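Below: one structure, written as structure tokens.
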Amino acid sequence: MLEIKNLSKSFHENKVLDHINLKIEKGDVVGIIGPSGTGKSTLLRCINQLEIPEEGEAVFGGKTVDLSKKHKDSLEFRKSTGMVFQRFYLFEKKTALENVMEGLMVVQKKSKADAKAIALKELERVGMASWANHYPKHLSGGQQQRVAIARALALKPELLLLDEPTSALDPELVGEVLETIKNVAAEGHTMLLVSHEMNFVRNVANK
């Protein structure tokens, strides 16, 4: 499904990624583990072109995309990925429902009615349908992260990137987000997951 070739990224003199090669098959849940500062999040950000590596290619859907520069093919590749961050990055002045609808209308140019129907379905999937009309300030951290997961899933990405999705949460809120991710993985979604939750990675990842 996706092959990453010779991905390298440096910050000043510090080489964080040194010719990384990675192959992900459809339906894989790949767990990336390791100490802080070893480039796990940077790898995800380079795949999604939030960081631009010095070199590296992605082979996806039969096309080879040069990740070291932004161009039309890389934009199409980015549209095939969804990302869930450590921080939730929800729009504070939009409800949970409106946050999930935003990308559907802006990126995929769907009508408001279609976007709303899809957003409600995804909020239901992550157990947040009853909170659809609440603003982020009225939601717990775990609830906000579940909305962020719904937002990513709503765009129907072929590859879901999760960058330490529980690291910003209080311990008592971690379980609900991990359960949501586990359920999404069980549906057959292809995921690249960075996490320090070792038992969870062991249980949910097949690589």
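The values are calculated or read from the model by the stated rules, or taken from the named source; none is laboratory data. Just so it is clear, the model here is predicted, and its values are computed rather than measured. Every residue, glycine among them, receives a Cβ derived from its backbone with ideal geometry; neighbour counts consider all protein chains shown. Side chains included, ligands, DNA and RNA excluded: accessible areas come from the protein's heavy atoms. Shrake-Rupley method; radii C 1.70, N 1.55, O 1.52, S 1.80 Å.
Would you point out which residue out of 123, 75, 90 is among the aliphatic types (A, V, I, L, M), within 18 Å of the chain's Cα centre (by Cα) and more than 19 Å from residue 45 (Cα to Cα)?
123
What's the number of the condition residue 27 fails, among (1) open to solvent by less than 20 Å² (accessible area, probe 1.4 Å); (2) more than 30 Å from residue 140 (Cβ to Cβ)?
Among (1) open to solvent by less than 20 Å² (accessible area, probe 1.4 Å); (2) more than 30 Å from residue 140 (Cβ to Cβ), residue 27 violates only (1).
Residues are listed down the side, and each one gets a yes or a no for (1) at pLDDT below 95; (2) farther than 15 Å from residue 119 by Cβ; (3) open to solvent by 30 Å² or more (accessible area, probe 1.4 Å):
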residue: 133; (1), (2), (3): no, no, yes
residue: 147; (1), (2), (3): no, no, no
residue: 169; (1), (2), (3): yes, yes, no
residue: 182; (1), (2), (3): yes, yes, yes
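Is it true that residue 113 is over 17 Å from residue 174 (Cα atoms), open to solvent by less than 60 Å² (accessible area, probe 1.4 Å) and modelled with pLDDT of 95 or more?
For residue 113, the condition - over 17 Å from residue 174 (Cα atoms), open to solvent by less than 60 Å² (accessible area, probe 1.4 Å) and modelled with pLDDT of 95 or more - is not met.
Only residues that are under 15 Å from the mean Cα position of the chain (by Cα), within 14 Å of residue 193 (Cα to Cα) and assigned to a loop (DSSP other than H, G, I, E, B): list them for region 28-68, please.
28, 48
Among the residues of region 50-71, which ones are touching a Phe, Trp or Tyr at 6+ places or on another chain (Cβ under 8 Å) and either open to solvent by less than 40 Å² (accessible area, probe 1.4 Å) or over 25 Å from residue 188 (Cα atoms) (or both)?
Scanning region 50-71 gives 58, 60, 65.
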